[in-house]
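J.: Dropping a structure here in structure tokens format, bear with me for questions.
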Amino acid sequence: MKRFILSAMAVSLTVAAAAQEKKEYPQPEAMRPGMTEFWTPQPKVVTPGDAATASAPSDAVVLFDGKNLDAWVSSNTGGDAEWRVHDGVFTVDKSKGDIQTRESFGSFQLHLEWMVPEGITGESQGRGNSGVFLQNMYEIQILDCYQNETYVNGQTGSVYKQVVPLANAMRKPGEWNVYDIIYNAPVFNEDGTYKVHPTVTVIQNGIVLLNNFTILGTTEYVGLPRVVKHGDGPIKLQSHGDPSEPISFRNIWLRKL
Ligand code: MG
């Protein structure tokens, strides 16, 4: 009797297994091209700048288009930016200190052109030193690094003293250099530490110098980077104290991201 029960159980298990194998579930519908093609929302239309006149894209905040420094103020006084505007460009006046934009920004795409004067003198950090500060906190170095060696984490395109650029893409003095900088602003925790670090991509003359670099903190001349909680901030241009001939800027615009 016991034997009969065991074999009956074995048969029923086999039948159940066979039934399970046969059970069929619906299969995903076969994919068609249209199932993965979305038509909305359409990206906004941005009219690119005109290559011949180097004008800004249609949605850009124009920070300098050759006319005046109305978009800028003195970092020292908050009054007018007194660097010298001439011939569609402006030139650093080292006696007047740094200048910064009137407006503050979060994340952005920044276009900026700068030129080291022909015949410039000096060496290492003492030759054509300036810089562009992102949100008034983090310096992307500007320096005449054309046949001019310096500490490599302080050369053109470095986040000053934090990273070595991937290339030296300098044009020689007297020729214009083009910076395109893509910056993502940080997010802070309540306690003032980074929840999300700021990051930056720097392209000079079409050549990538920094590829989505994670900024560590402030760019100090002496000491390690510090983490300082901040919100939106201006773009600042550096008036460096070195005695070399001052550099010039032109065509500066920014697109908010
Ligand atoms: Mg500098």
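J.: If only one of Glu82, Glu139 is within 16 Å of the ligand (Cβ to nearest atom) and in contact with a strand residue (DSSP E or B) (Cβ under 7 Å, 6 or more places away or on another chain), which one is it? Break it down stepwise before answering.
T.: Values: Glu82 fails: within 16 Å of the ligand (Cβ to nearest atom).
Answer to the check: Glu139.
J.: Additional query: Collect the residues in the stretch 165-193 that are hydrophobic (A, V, I, L, M, F, W, C) and over 20 Å from Phe133 (Cβ atoms), keeping them in residue-number order.
T.: Leu166, Ala167, Ala169, Met170, Trp176
J.: For the condition acidic (Asp, Glu) and modelled with pLDDT of 95 or more, what is the one hit in Asp242, Asp191?
T.: Exactly one residue qualifies, and that residue is Asp191.
J.: Give the residues of the stretch 234-251 that are out of contact with any Ser or Thr (no Cβ under 8 Å at 6 or more places or on another chain) and within 11 Å of the ligand (Cβ to nearest atom), sorted by residue number.
T.: Hits for the stretch 234-251 are Gly241, Asp242.
J.: In addition: Would you be able to tell me the number of residues in the stretch 204-249 that are part of a strand (DSSP E or B) and within 19 Å of the chain's Cα centre (by Cα)?
T.: First pass over the stretch 204-249, keeping only residues part of a strand (DSSP E or B): 204, 207-214, 233, 236-237, 248-249.
When the remaining residues are screened for being within 19 Å of the chain's Cα centre (by Cα), the result is 204, 207-214, 233, 236-237, 249.
Selection size over the stretch 204-249: 13.
J.: While we're looking at this one, here's another question. Among the residues of the stretch 111-135, which ones are more than 16 Å from the ligand (Cβ to nearest atom) and of a type in the set (Gly, Ala, Ser)?
T.: Gly119
J.: Scan the stretch 174-194 residue by residue and report those that are among the small types (Gly, Ala, Ser) and loosely packed, with under 15 Cβ neighbours inside 10 Å. First the steps, then the outcome.
T.: Within the stretch 174-194, the subset among the small types (Gly, Ala, Ser) is 174, 185, 192.
Gly174, Gly192 - these are the residues of the stretch 174-194 that are among the small types (Gly, Ala, Ser) and loosely packed, with under 15 Cβ neighbours inside 10 Å.
J.: List, please: which pairs have Cβ atoms under 7 Å, are six or more places apart or on different chains, and start with a residue in the stretch 152-168 that is within 15 Å of the ligand (Cβ to nearest atom) and end with one that is of a type outside the set (Asp, Glu) and assigned to a helix (DSSP H, G or I)?
T.: Matching pairs, first to second residue: Gly154/Gln125; Tyr160/Gly154; Lys161/Asn153; Lys161/Gly154; Gln162/Asn153; Val163/Asn153.
J.: Could you tell me how many of the residues in the stretch 85-99 are open to solvent by less than 40 Å² (accessible area, probe 1.4 Å), part of a strand (DSSP E or B) and not aliphatic (A, V, I, L, M)?
T.: Count: 2.
J.: Looking at the stretch 195-222, which of its residues are among the aromatic types (Phe, Trp, Tyr) and either closer than 16 Å to Leu110 by Cβ or surrounded by 13 or more Cβ atoms within 10 Å (Cβ to Cβ) (or both)? Walk me through how you get there before you give the answer.
T.: Taking the stretch 195-222 and keeping what is among the aromatic types (Phe, Trp, Tyr), we get 213, 221.
Once the filter is applied, which keeps residues that are among the aromatic types (Phe, Trp, Tyr) and either closer than 16 Å to Leu110 by Cβ or surrounded by 13 or more Cβ atoms within 10 Å (Cβ to Cβ) (or both), the stretch 195-222 yields only Phe213.
J.: Would a scan of the stretch 101-110 turn up a residue that is over 15 Å from Ile252 (Cα atoms) and within 14 Å of the ligand (Cβ to nearest atom)?
T.: no
The values are calculated or read from the model by the stated rules, or taken from the named source; none is laboratory data. Remember, it's a predicted structure, so these values are computed and weren't measured experimentally. For neighbour counting, all protein chains shown are included, and Cβ atoms are generated from backbone atoms with ideal geometry for every residue, glycine included. When the accessible area is computed, the model is the full protein with side chains, heavy atoms only, and any ligands, DNA or RNA have been set aside. Shrake-Rupley method; radii C 1.70, N 1.55, O 1.52, S 1.80 Å.
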